[in-house]
Amino acid sequence: MTMKAILVTGGAGFIGSNFIRHVFEKTRFAGKIVNLDKLTYAGNPGNLADIGEKYGNRYVFVKGDICDQRAVLALMRKHRVARVVNFAAESHVDRSIFGPKDFIETNIHGTFSLLEAARRYWLDDPERSGNSPSRGSRPALRFHHVSTDEVYGSLGKTGKFRETTPYDPRSPYSASKASSDHLVRAYYHTYGLPVTISNCSNNYGPYHFPEKLIPLAILNAVEGKPIPVYGDGLQVRDWLYVEDHCAAIWCIMEGGRPGRTYNVGGNCEMKNLDVVRGICAGLENLFPAAENPALRGRKYADLITFVKDRPGHDRRYAIDFSRIKRELGWRPSVDFKSGLHKTAAWYLDNPKWVKSVKTGRYRRWLGKNYSR
Ligand code: NAD
Ligand code: DAU
């Protein structure tokens with residue numbers, strides 16, 4: 001890719017930090033990445049400490065809010081960005097149930113403010129808006145919005161979400177993401193802003209904040225704490241290793257058609273109960289319970305505990321990713337067993353990171369409801 005600078009929003013979070021790492025280390029991109037992140041409880045600059053050291057001035061971190069339209073526009077102008085990729089969001093469904101306000105603020109107002117800044121920046125320069133005869137010397141601006149399969153609602157026993165599936169969000173989180181997707185599409189149809197959207201299923205992998213099922217289950221198991229399973233544990237999610245998601249986003253940024261939506265999934269439907277059983281079995285190989293003093297003679301699977309269900313809990317998600325496969329040649333590459341193994345091994349190998357998210361400013365976010 002010949003572009004000079006990419007503006008990544010929310011790049012200090014789970015997927016955003018994996019994405020920045022992926023672009024620097026796994027692609028031929030030779031330009032600069034500007035990471036704009038508000039550093040909420042979910043943002044951790046430590047996720048990219050080594051990237052800052054390795055890539056010098058090709059990596060710029062800016063603490064800021066996507067709701068601040070003027071600051072975002074100034075940043076776009078300063079770094080002459082050619083691509084925007086929006087990861088910034090409040091991302092945890094449970095928190096959206098306890099307190100939706102921040103979700104409305106960042107996911108809806110924030111996306112609107114980012115779109116408006118991008119539109120103004122785009123109109124600044126005829127080359128970027130594609131109106132100049134000399135276009136071709138520099139690529140036009142592109143805006144990629146990272147979204148979720150949760151906008152489609154809940155599936156019955158069969159079927160998969162396609163890009164044409166009607167939106168039917170059920171939680172404040174998914175409703176806020178659905179709203180942001182509609183705004184992004186509206187900017188394409190109304191103003192011609194060259195946008196793309198991806199709707200992806202559940203990710204897992206390194207740097208995942210331990211409020212979400214997989215990192216929470218791994219860390220609670222290792223510490224001999226209960227592993228909470230909501231309701232009957234038979235809800236189904238379609239799991240994708242985070243690096244596969246990053247590769248899909250990069251494919252779309254390179255070759256995706258403006259105005260187009262791409263579903264991204266792992267072809268990996270798993271019941272929650274089987275996910276936590278898989279984690280327990282995997283940990284037996286990496287750190288046998290018999291050698292873990294926190295287990296006091298128990299097996300990891302003995303820690304699995306059924307707890308009250310999440311209100312409005314969607315039953316099943318599954319993604320039909322045939323469009324991105326057919327049009328852009330992307331497909332998932334990491335199978336669930338090896339992805340889970342890599343993930344659990346990463347948490348065991350990175351006690352400093354684990355300690356950092358369980359102490360200091362992050363600690364209160366793992367309070368009563370989260371560190372069971
Ligand atoms: P995350 O919660 O780990 O990270 C979100 C990041 O956004 C954090 O670094 C946070 O500080 C930052 N942020 C929040 N509000 C901000 C604001 N107003 N301005 C600037 N930065 C702000 O989330 P994630 O799991 O990495 O998800 C990233 C994106 O991918 C989200 O848009 C989410 O909806 C989407 N998504 C996530 C998954 C998943 O399984 N995690 C799956 C599909 C789509
Ligand atoms: O589908 C994509 C979505 O995946 C993303 O848009 C969200 O940002 C991301 O957080 C994730 O949402 P989920 O709600 O599916 O993820 P979570 O890890 O919170 O839960 C996964 C499943 O496990 C879900 O069915 C709820 C259940 N669960 C979760 C937790 C935290 C439990 O049974 N016990 C738990 O302690």
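The values are calculated or read from the model by the stated rules, or taken from the named source; none is laboratory data. Predicted model, so just to flag it, every value in this text is computed and none were measured. Here the Cβ is made from the backbone with ideal geometry for all residues, glycine too, and neighbour counts use every protein chain on show.
Looking at T158, T196, just one residue is more than 16 Å from ligand 2 (Cβ to nearest atom) and touching a residue at least 24 places away in the same chain (Cβ under 8 Å), and that residue is T196. Considering S96, S113, the condition of being under 14 Å from L36 (Cα atoms), surrounded by 19 or more Cβ atoms within 10 Å (Cβ to Cβ) and among the polar types (S, T, N, Q) is satisfied by S113 alone. If you go through the range 73-111 and pick out every residue that is under 24 Å from H313 (Cβ atoms), free of Cβ contacts under 8 Å to residues at least 24 places away in the same chain and basic (K, R), you end up with 1. Residue count for the range 123-165, restricted to those that are at pLDDT below 65 and either among the aliphatic types (A, V, I, L, M) or in contact with a Cys (Cβ under 8 Å, 6 or more places away or on another chain) (or both): 0. Kindly indicate whether I218 is under 21 Å from R310 (Cα atoms), surrounded by 24 or more Cβ atoms within 10 Å (Cβ to Cβ) and more than 9 Å from ligand 2 (Cβ to nearest atom). In short, yes. Filtered by the rule that a residue be within 14 Å of ligand 2 (Cβ to nearest atom) and of a type in the set (S, T, N, Q), the range 309-344 gives a lone residue, T343. Summed over the range 163-177, residues that are of a type outside the set (K, R) and within 11 Å of ligand 2 (Cβ to nearest atom) total 5.
When the test is whether a residue is aliphatic (A, V, I, L, M) and under 25 Å from S17 (Cβ atoms), A345 passes it.
Taking the stated definitions as given, is L193 more than 16 Å from ligand 1 (Cβ to nearest atom), buried (at least 20 other Cβ atoms within 10 Å of the Cβ) and part of a loop (DSSP other than H, G, I, E, B)? Yes; evaluated as a whole, the condition is true for this residue.
The set of residues in the range 240-253 that are over 23 Å from E284 (Cα atoms), hydrophobic (A, V, I, L, M, F, W, C) and touching a strand residue (DSSP E or B) at 6+ places or on another chain (Cβ under 7 Å) comprises V242, A248, I249, I252, M253. Note on the range 215-334: enclosed strands (runs of 3 or more DSSP E) holding 3 or more residues that are under 30 Å from A186 (Cβ atoms) and modelled with pLDDT of 95 or more are 261-264.
A quick yes/no check of all residues on (1) closer than 17 Å to Y347 by Cβ; (2) away from ligand 1 (no atom under 15 Å from the Cβ); (3) among the acidic types (D, E); (4) out of contact with any strand residue (DSSP E or B) (no Cβ under 8 Å at 6 or more places or on another chain):
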| residue | (1), (2), (3), (4) |
| --- | --- |
| S201 | no, no, no, no |
| N220 | yes, yes, no, no |
| K225 | yes, yes, no, yes |
| D238 | no, no, yes, no |
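For I214, the conditions (1) among the hydrophobic types (A, V, I, L, M, F, W, C); (2) free of Cβ contacts under 8 Å to residues at least 24 places away in the same chain; (3) under 21 Å from E90 (Cα atoms) all hold with the exception of (2). One residue stands out among those in the range 148-170 that are of a type in the set (D, E, K, R) and surrounded by fewer than 16 Cβ atoms within 10 Å (Cβ to Cβ): the one that is farthest from H245 (Cα to Cα), which is K157. Elements of the type helices (runs of 4 or more DSSP H) sitting completely within the range 1-81 and holding at least 3 residues that are crowded, with 19+ Cβ neighbours inside 10 Å and within 15 Å of ligand 1 (Cβ to nearest atom): these cover 14-26, 69-79.
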